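The values are calculated or read from the model by the stated rules, or taken from the named source; none is laboratory data. Please read all numbers here as calculations on a predicted model, not as lab measurements. Neighbour counts run over all protein chains shown; Cβ positions are idealised from the backbone, glycine included. Ligands, DNA and RNA are excluded from the accessible area calculation, which covers all protein heavy atoms including side chains. Shrake-Rupley method; radii C 1.70, N 1.55, O 1.52, S 1.80 Å.
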Amino acid sequence: MVTDRLLSRTTNATNDSVAKGTFVRKHHRSRISLLGSLLLVAAGAGALGGLPASAATAPVTPLGQVVPAPAKVTAGGSPYAITARTRIRVDDGSRDARRIGNYLAGVLRPSTGYRLPVTDDAARDGIRLELDREDKGLGSEGYRLTSTGRAVTITAAAPAGLFHGVQTLRQQLPAAVESDDRRSGPWLVAGGTVEDTPRYGWRGAHLDVARHFMTVGQVKRYIDELALYKINKLHLHLTDDQGWRLAIDSWPKLATYGGSTEVGGGAGGYYTKAQYQDIVRYAASRYLEVVPEIDMPSHTNAALASYAELNCDGVAPPLYTGTNVGFSSLCVNKDITYKFIDDVVREVAALTPGAYLHIGGDEAHSTSQADYDAFMNKVQPIVTKYGKKVMGWHQLTSVTPAKGAIAQYWGTDGTSAAEKAQVAAAAKNGTGIVVSPADRTYLDMKYNKDTPLGLAWAGYVEVQRSYDWDPGNYLPGAPSSSIRGVEAPLWSETLKQSPDIEFMAFPRLPGVAELGWSPAATHDWNTYKVRLAAQAPRWDALGINYYRSTQVPWPAE
């Protein structure tokens, strides 16, 4: 069932508490400000008909003033008010619609205090979740939200679209709807229609659990935060020099020994297979597909330390807790290397229902180009043998990517023209590209010189810089048809707890999500920053830690 609230309310509340002195605000759910500098629509009493008297002068979030920006908004008509009489009505016989209805009820009940029963009766009032599989124009993730004085109806051709429509409905309601405590309302949804489909099918967020281990609860919390902004891929970086984070039955020491430390020498940790599957199922309940990454041939010290035979000289190196990169390499010329990879890929593929398995491939500084080519030409068929498509960092394009492969471009404005041309050439030959420029989308980059967390090797990345670019024309020479979407990586060298993750992700993550979802025609920093600012009271209510960039006109406290 998908009835859970954001896990900040139920999981790791004590463990995730961390003081960051003067630079991190403590957000209290009880401090809910209205929508600040947004234009507020006050509905007249006559138009509101039989709605509560308090609704006559209540501010209403203008239809479509959400993140990501919808594709089409037609505002007008009476707003809908959620009251004690409201029911959430779902299609008879649709298990998916009922699950999503229960999820929505779980969001709304604590703050409204209403019962909000989830029913499958045919009445036309209330909140309606309707699956219309014949509405091909909505695709697999689009939705239509219609609000009138009588009902709010969300229609979609597939369950993911219903779920995304629910996220829009949440943002149309006052931020106090996210509170654990009962609030007075009123709970108004502006009148009109939103018709919305995503620009790209790949709207990803990457989380590095290798440098610092993140618990299942911490990962689930991030999943809930991603879902609010219609992210649909969770790229989990499971292995690196500092730790191996997934149990592999055929090579058990990878987790028990290779997972026993992290950056700085902490206790590390790893996921059992059952825990990993729990994360996969939870992500699926929020309509995110998990993309596991097993990095190779470099970023492998945890594996090399666990099994001496994987080293060319047969000597296991010590466990590593630093942050340097590019020094480790699997032994390309040993047969056991490919038995190891076959076993790992087989077990990970069996646990992962998603289409892709990420094999890393970047920063292989200790591997010659000839060895790298030979290695990748042997590894890619192993991935496809177990029914997965290959994904790798864009260095994969130095060889011939497998059919259907995706290369994840993480270069910067300063990346050489030759390297960009290599990626573009692969794109012209059919390789899909997910765009993740480090100086735009890497959420672990510092905002400025005073940011207490993160790194700065790609430069400082303020909120406007992370938003103000176009994935469709970012990579010179790559056909626009080759761009599968965008992804926001978050590396964890300096991040240990959920508040750390949130401080670096918010407010930049919603902007990357908008680049992936919204039409290019809606892209405008000056209007976006106002919509972004209006998210702050919602983050306060959800207990999300965030950076108050001076570039954003936040509501007054």
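Accessible area per residue for the stretch 180-296 is 26 Å², calculated with a 1.4 Å probe on protein heavy atoms, without ligands, DNA or RNA.
Computed from point charges on the beta carbon alone (+1 for Lys and Arg, -1 for Asp and Glu), the dipole magnitude for the chain about its Cα centre is near 1640 Debye. With Rh defined as the Kirkwood radius, the inverse of the mean 1/r over Cα pairs, the Rg/Rh of the stretch 224-312 is 1.04. Take each peptide in 518-527, 473-482, count the other Cβ atoms within 10 Å of every residue, and average; sorted highest first, the result is 473-482, 518-527.
Length gained on full extension, Asp278 to Ala418, computed as 0.36 nm times the residue gap minus the Cα-Cα distance: 46.1 nm. Compared with the direct C-alpha span, the chain from Trp525 to Tyr307 gains 73.4 nm at full extension, assuming 0.36 nm per residue. Entry comment: accessible area of the stretch 411-516 is 31 Å² per residue, from protein heavy atoms only and a probe of 1.4 Å. DSSP finds beta bridges in the chain, and of those with both partners inside it, around 30 percent are antiparallel. Surface composition of the chain: carbon and sulfur make up 51 percent of the accessible area, probe 1.4 Å.
Rounded to two decimals, the Cα radius of gyration of the stretch 244-394 over 2.2 N^0.38 Å is 1.01.
Per-residue accessible area (protein heavy atoms, 1.4 Å probe) orders Asp439, Asp135 as Asp135, Asp439, starting from the largest. Put the Cα centre of the stretch 411-427 next to the Cα centre of the stretch 105-158 and the gap is 45 Å. The residue among Pro489, Met504, Ala478 whose Cα reaches farthest toward the positive pole of the charge dipole of the stretch 408-523, with charges on the beta-carbon of Lys, Arg, Asp and Glu, is Ala478.
When only alpha carbons of the stretch 234-278 are considered, Rg and Dmax amount to 10.2, 29 Å. Using the Cβ of Tyr356 as centre and a radius below 15 Å, the other residues enclosed give a net charge of +3, where K and R count +1 and D and E count -1. Sequence-ordered 3J(HN,Hα) estimates for the stretch 543-557 from the Karplus curve with 6.51, -1.76 and 1.60 and θ = phi - 60° stand at x, 8, 6, 8, 8, 8, 4, 6, 7, 10, x, 4, x, 5, 7 Hz, glycine and proline given as x.
Among the listed pairs Lys388/Lys428; Lys334/Lys385; Lys233/Lys388; Lys136/Lys420; Lys136/Lys388; Lys72/Lys220, give every one whose C-alpha distance is greater than 25 Å. Cα-Cα > 25 Å for Lys136/Lys420; Lys136/Lys388; Lys72/Lys220; rest within. The label-point distance for Asp121 and Thr550, in a model that sets each label 7 Å from Cα toward Cβ, rounds to 5.8 nm.
If I take all pairs of Cα atoms in the chain, what percentage of them are more than 47 Å from each other? Value for the chain: 12 percent of Cα pairs lie more than 47 Å apart. As a rough guide to protection, the peptides 425-431, 355-361 ranked by mean Cβ packing within 10 Å, highest first, stand as 355-361, 425-431. Given their separation in residues at 0.36 nm each and the Cα-Cα distance between them, Thr384 and Lys339 gain 14.7 nm when the chain is fully extended. Where does the stretch 325-373 land on Rg/Rh, using Cα atoms and the Kirkwood Rh? In the stretch 325-373, Rg relative to Rh is 1.02. Size estimate for the stretch 178-327 follows the Kirkwood approach: the inverse of mean 1/r over distinct Cα pairs works out to 17.4 Å.
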